[in-house]
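J.: Here it is: the structure, laid out below.
The values are calculated or read from the model by the stated rules, or taken from the named source; none is laboratory data. Only a predicted model underlies this, so the values are computations on that prediction, with no experimental measurement involved. All Cβ positions, glycine included, derive from the backbone under ideal geometry; neighbour counts span all protein chains shown. With ligands, DNA and RNA removed, areas are computed over all heavy atoms of the protein, side chains included. Shrake-Rupley method; radii C 1.70, N 1.55, O 1.52, S 1.80 Å.
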Amino acid sequence: LQRVYKFGGQPVVKDFFSANAKGGFTAVFGERSSTAWMHACAGSVVGVGEVVLLPLDVLKIRAQTNPETLRGKGLIQLFWNEGSGLYRGAGWTAVRNAPGSFALFGGSAFVKDYVFGLRDYS
């Protein structure tokens, strides 16, 4: 689910940047580099937004490490009992994901443009 969100959401945010902020990116980074920067910034935004899925990741880890704590409980009951505790560490996750996704999508765009010479790689 996280991969679907990240790799499916990044193009949507990049298209939003293209439609609403392309002039700003071009003015700051130049015509050629602006596309790679838009890809990188869109990746960073999506990386921070990935925090929304953090409770599912926490429950997955608990199921792998201590399945007895989850046995016989439904998803709604788990969310009700845990509450905001499922978001513990969300700030650190966002701080980690922002530069990581920036580098992932920005590096990919850079390689496509400057190494392979592709101009239309959205």
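J.: So how many residues does segment 33-78 have that are more than 18 Å from R96 (Cβ to Cβ) and aliphatic (A, V, I, L, M)? Step through it out loud before you land on a result.
T.: Taking segment 33-78 as the starting set, the residues that turn out to be more than 18 Å from R96 (Cβ to Cβ) are 33-39, 59, 62-78.
If we keep only those that are aliphatic (A, V, I, L, M) as well, we get 36, 38, 59, 63, 70, 75-76, 78.
Selection size over segment 33-78: 8.
J.: So V28 clears everything in (1) touching a residue at least 40 places away in the same chain (Cβ under 8 Å); (2) surrounded by fewer than 16 Cβ atoms within 10 Å (Cβ to Cβ) except one condition, right? Which one?
T.: Exception for V28: condition (1).
J.: Could you say which residue among F79, F105, F110 is surrounded by 10 or more Cβ atoms within 10 Å (Cβ to Cβ), closer than 18 Å to G49 by Cα and touching a helix residue (DSSP H, G or I) at 6+ places or on another chain (Cβ under 8 Å)? Before you say what the answer is, go through the steps one by one.
T.: Working: F79 fails: closer than 18 Å to G49 by Cα; F110 fails: closer than 18 Å to G49 by Cα.
Only one candidate passes the filter, namely F105.
J.: Pick from V58, V52: which is open to solvent by less than 40 Å² (accessible area, probe 1.4 Å) and under 19 Å from A94 (Cβ atoms)?
T.: Working: V52 fails: open to solvent by less than 40 Å² (accessible area, probe 1.4 Å).
Checking each option against the conditions leaves just V58.
J.: P55 passes all but one of (1) in contact with an Asp or Glu (Cβ under 9 Å, 6 or more places away or on another chain); (2) modelled with pLDDT under 90; which number fails?
T.: Only one criterion is unmet by P55, namely (2).
J.: Exactly one condition in (1) farther than 18 Å from F7 by Cβ; (2) in contact (Cβ under 8 Å) with a residue 60 or more places away in the chain; (3) not polar (S, T, N, Q) is false for F105; which is it?
T.: The single condition F105 does not satisfy is (1).
J.: List the pairs whose first member sits in segment 45-71 and is under 15 Å from G85 (Cα atoms), whose second member is surrounded by fewer than 11 Cβ atoms within 10 Å (Cβ to Cβ) and of a type in the set (A, V, I, L, M, F, W, C), and whose Cβ atoms are under 7 Å apart, counting only residues at least 6 apart or on separate chains?
T.: L53/L1; L56/L1
J.: Within the bounds of segment 89-102, is there any residue that is free of Cβ contacts under 8 Å to residues at least 60 places away in the same chain, open to solvent by 80 Å² or more (accessible area, probe 1.4 Å), among the β-branched types (V, I, T) and outside any loop (DSSP other than H, G, I, E, B)?
T.: yes
J.: While we're on this one: For segment 78-122, give me each residue that is within 19 Å of the chain's Cα centre (by Cα) and among the basic types (K, R).
T.: R88, R96
J.: Can I ask one more? Out of curiosity, is L86 in a helix (DSSP H, G or I) and either without any contact (Cβ under 8 Å) to a residue 40 or more places away in the chain or open to solvent by less than 20 Å² (accessible area, probe 1.4 Å) (or both)? Steps first, please.
T.: Working: in a helix (DSSP H, G or I): yes; either without any contact (Cβ under 8 Å) to a residue 40 or more places away in the chain or open to solvent by less than 20 Å² (accessible area, probe 1.4 Å) (or both): yes.
Considered against the rule, which asks whether it is in a helix (DSSP H, G or I) and either without any contact (Cβ under 8 Å) to a residue 40 or more places away in the chain or open to solvent by less than 20 Å² (accessible area, probe 1.4 Å) (or both), L86 comes out as yes.
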